[in-house]
Structures are given as C-alpha cells and as structure tokens.
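In what follows, a structure is listed as structure tokens, so that the remarks can point back to it.
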C-alpha cells in the first residue's frame, strides 16, 4: 500500500474503541459481543456466530513465529523450516526467511480462517526469531521474512484487519498494512515459567511506553496494552485498566492464559 492507500484503508476501518482476547474452547458469545473487537483462539471446537453480533469483529489468534504439532498445518510444513524450540511454551521456532513460507502461511494458515468467518488476525510471536538469531545477518533475514509474510496476507486478503503483537522493528516497512499494534504486560504480567502474576519493572514499562509513543506519532496506529491479573482480583483489573487508559492506550486485562472474559475494559471510569 502507498500512503494514500493507507488513508483509504483508515477511512474504511472503524476506529478501535475496545477489544477483548479470549483463548478458551467455549467462548460465551453473549458476553464477548459487548466488545467491538474480539480475538479468539481458533482451535476451539466452536463456530462463530452467523446471525448475531453483527457489530463485533471476530479476529483469529495466529502464532507466526512458533508452531506446535496441534496445528492443522503442522504436518504439511517442511521439517527444515523448524530451527529451534521455545522450551517455556513447548513450541517450535519457525525460520521466517524460509523460501515458500509466506505463501504457505497465507494459503494454509490464513485462508482456512477466512473461510471460517474471521475478519482479521492477531499476529503473535513476531519476535520469536530472536531466540535463535544470534547474528545480525540472521536477524535481518527473519525480519525480511516476517515483512514478506504480512505483505502476502495483505495481498490475499486486503480487507482483513491485522493487529501485531509488538513487531515494532517491522513497522517502517508494513505500517500501512496494519490496523493496530498490541503488547503485553505494561503494569502486571504473567510468568509462565514461575506460574505466577508479576509486577512489571519500571524500566520495562518505560521502554514499552516509548515504543507506544513512536507507533502513535509516526504511524497513527492505535496501541493496545494487554495486562494480567488473577480472575478473582477485580480491583486489580479495574486499577490496571484505569492506569493503561491514563497512558492513552486501549486496555484489556485477563488471567495469565486469557481463559476468562473480563468486562473491566468496558468500564467508563
């Protein structure tokens, strides 16, 4: 897209007011439809609503940089595309610079989701290449691969809303093909390795807020902050939502695995 195409894309897209993330197998659509946008884990045994919730945009969670054997497309991937392992999450790392990966991703990963009714995608694990890229050449190769992946998806499905989880280093090349940028753990985070909720250090928070300001100033994209509180701690969720809004960002707060629906982000305070 050119900059003018970006303007047309922005005019045809609704302004992002609120968003929820739910990765469970049994979504309560009557609750989720209270949100404007909802990101779902598409591997669950459910079908998207077809005759209700017309005001809700359903987006599919998609892991770009990592894959597990549970994904339908896993067995069709050439084995040499796997170049490492994320031991914390038990997933395999994908070489983003592998020839054929962008087309495979668009046709074998994204196309079935479009056929299922999803109107956009939340691209996760965009920085996973950093777990195995130990030199600048490999890092640049994988960054170029990720850019090619996003462009290929946009070519196949130009009306789809694409939200990135981080991917800050990619934005100079593909910001005009992105609807919004998200990141996790601004105030409260979840440690999978420790199995506990954690406070985010000030230095990490300052770095994320600097990135958010750059995204908003340079590219005019909305920025989403996803934080984590124990489901029973309602006060934590409301406090974090208020603090995220105070920094000019769009909030969502849930449990560490995004398996509960939290309506705190819809509150007006």
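The values are calculated or read from the model by the stated rules, or taken from the named source; none is laboratory data. Every value quoted in this text rests on a predicted model; they were computed, and no experiment measured them. A quick note on method: Cβ atoms are made from the backbone with ideal geometry, for glycine too, and the neighbour counts reach across all protein chains shown.
Report yes if residue 70 is out of contact with any strand residue (DSSP E or B) (no Cβ under 9 Å at 6 or more places or on another chain) and either closer than 30 Å to residue 196 by Cβ or modelled with pLDDT under 90 (or both), otherwise no. Taking the combined requirement at face value, the residue satisfies it. Scanning region 107-137 for residues that are without any contact (Cβ under 8 Å) to a residue 24 or more places away in the chain and either in a helix (DSSP H, G or I) or on the phi > 0 side of the Ramachandran plot (or both) yields 115, 130, 136, 137. For region 227-250, the candidate set comprises residues that are over 10 Å from residue 187 (Cβ atoms) and not in a helix (DSSP H, G or I); within that set, the residue that is nearest to the chain's Cα centre (by Cα) is 250.
Across region 250-268, the qualifying residues are those that are in contact with a helix residue (DSSP H, G or I) (Cβ under 8 Å, 6 or more places away or on another chain) and over 20 Å from residue 197 (Cβ atoms), and the one among them that is surrounded by the fewest Cβ atoms within 10 Å (Cβ to Cβ) is 267.
Restricting region 164-179 to residues that are touching a helix residue (DSSP H, G or I) at 6+ places or on another chain (Cβ under 9 Å) and not in a helix (DSSP H, G or I), the residue that is surrounded by the fewest Cβ atoms within 10 Å (Cβ to Cβ) is 166. Looking only at residues in region 192-226 that are under 22 Å from residue 239 (Cα atoms) and within 18 Å of the chain's Cα centre (by Cα), the one that is surrounded by the fewest Cβ atoms within 10 Å (Cβ to Cβ) is 209. Please verify whether region 144-163 includes one or more residues that are over 20 Å from residue 107 (Cα atoms) and either touching a helix residue (DSSP H, G or I) at 6+ places or on another chain (Cβ under 9 Å) or surrounded by fewer than 20 Cβ atoms within 10 Å (Cβ to Cβ) (or both). No, because not a single residue in region 144-163 is over 20 Å from residue 107 (Cα atoms) and either touching a helix residue (DSSP H, G or I) at 6+ places or on another chain (Cβ under 9 Å) or surrounded by fewer than 20 Cβ atoms within 10 Å (Cβ to Cβ) (or both). Quick check on region 138-163: of everything there that is assigned to a helix (DSSP H, G or I) and in contact (Cβ under 8 Å) with a residue 60 or more places away in the chain, which residue is farthest from residue 100 (Cα to Cα)? The qualifying residue farthest from residue 100 (Cα to Cα) is 154. Is it true that some residue in region 207-226 is in a loop (DSSP other than H, G, I, E, B) and without any contact (Cβ under 8 Å) to a residue 40 or more places away in the chain? Within region 207-226, none of the residues are in a loop (DSSP other than H, G, I, E, B) and without any contact (Cβ under 8 Å) to a residue 40 or more places away in the chain.
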